[in-house]
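Enquirer: The structure is given below, and queries will be raised subsequently.
The values are calculated or read from the model by the stated rules, or taken from the named source; none is laboratory data. In this text, all values refer to a predicted model and were calculated from it rather than measured experimentally. So basically every Cβ, Gly included, is an ideal-geometry build from the backbone, and we count neighbours across all protein chains shown.
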Amino acid sequence: MNKNETKRFTAFTTVMFVITGLYIAFIWVHSLMSAEKSTVESTRVLDFLINFLKSLGINAELTDHIVRKTAHFCEFALLGCLTLWCGYLLNKNIVKLLLPVGGVCLAVAIIDEIIQIFSPGRSCQFSDVILDLSGSICGAVFFILIIIIILLIKKRKSKHE
């Protein structure tokens, strides 16, 4: 790597860590919302999804509970992907990254639930920690699959050159 590539790599790594940190803050800010505000937000999403699916001719029976649990899962799937990406930028050995990345995602999930204890009308639920961790695992697996595909494409290109 030349000097410019090293600077770019360092800058990109820094940007990814900042994005991941801001995303964790986003998750925790949503946990600070009162139950009333959270319900309003979930209801908007629910109404949007129902109307969108109806426009496609799909009559889905969605509930506020489904929307909330899906949001938890998806939030943490993205966190798993981002966290593993940050780790991968520092160490290309994904196997060595799994435990620290899992630990970070678990810590974020536990703190997320603890924050909700202090939010009016909200509660801390162990089942949400499990759901969040499951989402993180799926996000990490998705990232690993993307890396594998990229490596296979690079390998294939190098064979044809």
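Enquirer: Looking only at residues that are over 14 Å from the mean Cα position of the chain (by Cα) and of a type in the set (S, T, Y) in region 104-161, which one is surrounded by the most Cβ atoms within 10 Å (Cβ to Cβ)?
Expert: Among them, the one singled out is S119.
Enquirer: Tell me yes or no: at least one residue of region 124-141 is free of Cβ contacts under 8 Å to residues at least 24 places away in the same chain, part of a loop (DSSP other than H, G, I, E, B), at negative phi and not charged (D, E, K, R).
Expert: Within region 124-141 (the criterion being free of Cβ contacts under 8 Å to residues at least 24 places away in the same chain, part of a loop (DSSP other than H, G, I, E, B), at negative phi and not charged (D, E, K, R)), the answer is yes, since at least one residue qualifies.
Enquirer: Give me a count of the residues in region 29-49 that are surrounded by 14 or more Cβ atoms within 10 Å (Cβ to Cβ) and of a type outside the set (A, V, I, L, M).
Expert: 7
Enquirer: Need the failing condition index for W28 against (1) modelled with pLDDT under 95; (2) closer than 26 Å to A140 by Cα, just the number.
Expert: All conditions are met except number (1).
Enquirer: Filter region 111-156 down to the residues that are hydrophobic (A, V, I, L, M, F, W, C) and under 17 Å from F73 (Cβ atoms) and list them by number.
Expert: In the first step, residues of region 111-156 are kept if they are hydrophobic (A, V, I, L, M, F, W, C); the result is 111, 114-115, 117-118, 124, 126, 129-131, 133, 137-138, 140-153.
The answer is F126, V129, I130, L131, L133, I137, C138, A140, V141, F142, F143.
Enquirer: Applying the selection to region 50-88, what residues are at pLDDT below 95, hydrophobic (A, V, I, L, M, F, W, C) and either surrounded by fewer than 16 Cβ atoms within 10 Å (Cβ to Cβ) or outside any helix (DSSP H, G or I) (or both)?
Expert: Correct list: F52, L53, L56, I58, A60, L62, I66.
Enquirer: Then there is this: Within region 11-22, is even one residue modelled with pLDDT of 95 or more and under 19 Å from L133 (Cβ atoms)?
Expert: Yes, region 11-22 contains at least one residue that is modelled with pLDDT of 95 or more and under 19 Å from L133 (Cβ atoms).
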